[in-house]
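The structure appears right after this line, and notes come after that.
Please treat every number below as a calculation from the coordinates, not as lab data. Quick caveat: nothing in here was measured; it's all calculated off a predicted structure. Reconstructed Cβ throughout: ideal geometry from the backbone, glycine too, with neighbour counts over all protein chains shown.
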Amino acid sequence: MKKCLKFCMLVLPLVCALNFVYGQDDQNIIVIPKQGVTFGMKPIPVSLDGFSGEVADVLRFDLYVQGFSFVAPDAAQYQISGSNSGNVIGSVTDKIARRAALPPRSYTGADLRRQAHAFANDIVFAVTGKKGIGLTQIAFKAQSSDGTGEIYISDFDGYGPTKVTRDNAIVSKPSWVPGRLALYYNSYKLENPDIFYSDLSTGQRSVFARYGGSNFSPAVSPDGSRVAMILSKDGRPDVYVANADGSNLKRLTTGIEDSSPCWSPDGQWICFATKIQSAGIMRRSLATVPAMGGEVQVIHTTGAPNPTEPDWSPDGKWIAFTSQTSEFDICVMPADGSAPPTVLVRGQAPSWSPNSRTLIFNHSVHYVETLSVLDVFTKQVKDIGRIAGSDSEPAWRKDLNF
């Protein structure tokens, strides 16, 4: 009962955060038409006036990692004005069009930090037409120096971290269940690499896959009904898929060293990393396979060798992945293969935000892994605060507030 109460206390602020009382009707929002999205685009210049302390920090962080830059008032396209005395009140003026991009709004119903996230979300939507990510969550592993670790969840900016496992073992690869406060993840708690299911709202946990050999990399389908994973029960690591309760297990590949499956947003395809023989040499590649079974198709990542850890954007347009040469790089390419990959920053294990604009990933800082948030199209990046030990393998919750 105590464990259940603890997780309920975790959930209640998230529910409250979605029930702000606004001073203005949503119909008053003026949506500015989006420009064409390209890599290396210039950030949107804004100025901030009237906010202080934590609220100002939240607004700056949220907007920076969604393609905004902060400049002097006379250089800004948008003026963000307001106050945070008691509660957050804010508005946005388009200085070029000389009109309100976002009329004045007052936010109540949660603490100042969540009010600031909600205001940032409204700014993003008013200016870009995309939903903001301020009220979303991530899961990740935090590893101590002895190699053991636990799975944590937090706000996307690292605030409010909560330990959701007590395995005291090697853990990895958390994967959110859409529509539920629940995760699948890897753990050596039973002295074998097994896949567990954890209901975070109740604290209950169960073994999902414990076949002979290794059970790795769970990835939940967009509708939550199926789970892709890597199993070596038949001699080598291949892609399998099963129903969410573990039934109807089916092998999809017979490759060499398959790893890191992820789903297309329509649930029809699974992208994964594998090794393919080319000119007599085994090379690591990305590939796709129909989720119901069928022919494997190789994805060419010219200029980004040794790809792994793919993640398909929720809008279906992009695949982010890790490329390994002498360093690890975060790369993005069109999901249809119409253009070669673009190398963005150093790092690994990228995970898309719900709005398909921002990535979270981990990179090494003085030999310790740290989580960072990246605006893909401007390449603006911010580290989040280190939670516990070495933080890595983030997974962005795709459904909250979307």
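Can you list the DSSP H helices in the chain whose Cα atoms extend at least 20 Å along the helix axis and whose mean Kyte-Doolittle hydropathy is 0.0 or higher? Could the numbers behind the result be given before it?
Values: long enough: 2-17 (24 Å, 1.52); 112-128 (24 Å, 0.36).
Correct list, ordered by number: 2-17, 112-128.
Note the listed values [x] 19.4; [y] 20.7; [z] 23.7, then indicate which one is mean projected area of the Cα convex hull in nm² calculated from this particular structure.
Recomputing mean projected area of the Cα convex hull in nm² here gives the entry labelled [y].
When only C-alpha pairs under 8 Å and at least 6 residues apart count, what is the relative contact order of segment 137-396, in percent?
Details: 751 pairs, mean separation 34.5, N = 260.
Answer for segment 137-396 is 13 percent.
Report, by chain and number, residues whose modeled amide H sits under 5 Å from the one on residue 283, excluding near sequence neighbours (fewer than 5 apart, same chain).
Those lying under 5 Å, H to H, from residue 283 are 276, 277, 278.
Place a +1 charge on the Cβ of each Lys and Arg in segment 130-213 and a -1 charge on the Cβ of each Asp and Glu, then give the dipole magnitude about the Cα centre in debye, rounded to the nearest 20.
Numbers: 10 positive and 8 negative charges, 59 e Å.
In total the dipole reaches around 280 debye.
Can you list the residues, at least 5 places off or on another chain, whose amide H is less than 5 Å from the amide H of residue 252, using H built in the peptide plane?
Correct list: 239, 240, 241.
Quick one: longest stretch of the chain between exposed loop GluC sites (Glu not before Pro), exposed meaning at most 14 other C-beta atoms within 10 Å and loop per DSSP?
Details: sites that count: 191, 295, 327.
The segment 1-190 is the longest one with no such site.
Which value at 222 nm does the chain reach when only helices count, each DSSP H run of 4 or more adding -39,500 (n - 2.57), with the total divided by all residues and rounded to the nearest 500 deg cm²/dmol?
Details: 3 runs with 45 residues, N = 402.
About -3500 deg cm²/dmol.
For segment 301-359, which trypsin sites (Lys or Arg not before Pro) are both in a DSSP coil and crowded by at most 16 other Cβ atoms within 10 Å?
Numbers: sites: 317, 346, 357; in loops: 317, 357.
In loop regions of segment 301-359 (DSSP not H, G, I, E or B), the sparsely surrounded trypsin sites (Lys or Arg not before Pro) are 317.
For a quick check, take a GNM of the chain with Cα springs below 10 Å and name the residue from 39, 361, 328 with the largest mean-square fluctuation.
39
Name the aspartates and glutamates eligible as straight-distance cross-link partners of residue 379: C-alpha to C-alpha under 15 Å, and not fewer than 8 places from it in the same chain.
62, 329
Using the structure shown, select from 42/382; 131/382; 275/317; 173/317; 233/398; 130/163 the pairs with a Cα to Cα distance greater than 26 angstrom. Present the calculation step by step, with values, prior to reporting the outcome.
Values: 42/382 17 Å; 131/382 20 Å; 275/317 24 Å; 173/317 23 Å; 233/398 31 Å; 130/163 31 Å.
From 42/382; 131/382; 275/317; 173/317; 233/398; 130/163, over 26 Å: 233/398; 130/163.
Between 84, 248, 215, which gets the highest mean-square fluctuation from a Gaussian network model of the chain, Cα cutoff 10 Å?
Taking springs between Cα atoms under 10 Å, the residue moving most is 248.
Determine the distance separating the Cα centre of segment 37-56 from the Cα centre of segment 215-254; give it in Å without decimals.
Segment 37-56 and segment 215-254 have Cα centres spaced 42 Å from each other.
Let's see if you can work this out: charge +1 on each Lys and Arg Cβ, -1 on each Asp and Glu Cβ, no other charges. What is the dipole magnitude of segment 75-221 about its Cα centre, in debye to the nearest 20? Please list the in-between numbers first.
Values: 16 positive and 11 negative charges, 103 e Å.
Result for segment 75-221 is approximately 500 debye, rounded to the nearest 20.
Just flag the trypsin sites (Lys or Arg not before Pro) in segment 96-157 sitting in loop per DSSP whose Cβ has no more than 16 other Cβ atoms within 10 Å. Please list the in-between numbers first.
Numbers: sites: 98, 99, 105, 113, 114, 130, 131, 141; in loops: 98, 130, 131.
Within segment 96-157, the qualifying trypsin sites (Lys or Arg not before Pro) (loop, at most 16 other Cβ atoms within 10 Å) are 98.
Rounded to the nearest 20 Debye, what is the dipole magnitude of the chain about its Cα centre when Lys and Arg each give +1 and Asp and Glu each give -1 at the C-beta?
With only Lys, Arg, Asp and Glu charged at Cβ, the dipole is about 240 debye.
Enter the Cα centre distance for the pair segment 155-174 and segment 102-122, rounded to the nearest angstrom.
Segment 155-174 and segment 102-122 have Cα centres spaced 27 Å from each other.
Compute the length gained on full extension between residue 367 and residue 199: take 0.36 nm times their separation in residues and subtract their Cα-Cα distance, giving the result in nm to one decimal.
Numbers: separation 168, 0.36 × 168 = 60.48 nm, distance 3.28 nm.
Extending this stretch completely gives an extra 57.2 nm.
Of 203, 101, 296, whose Cα points farthest to the positive end of the dipole of the chain (charges on the beta-carbon: +1 Lys, Arg; -1 Asp, Glu; origin at the Cα centre)?
203
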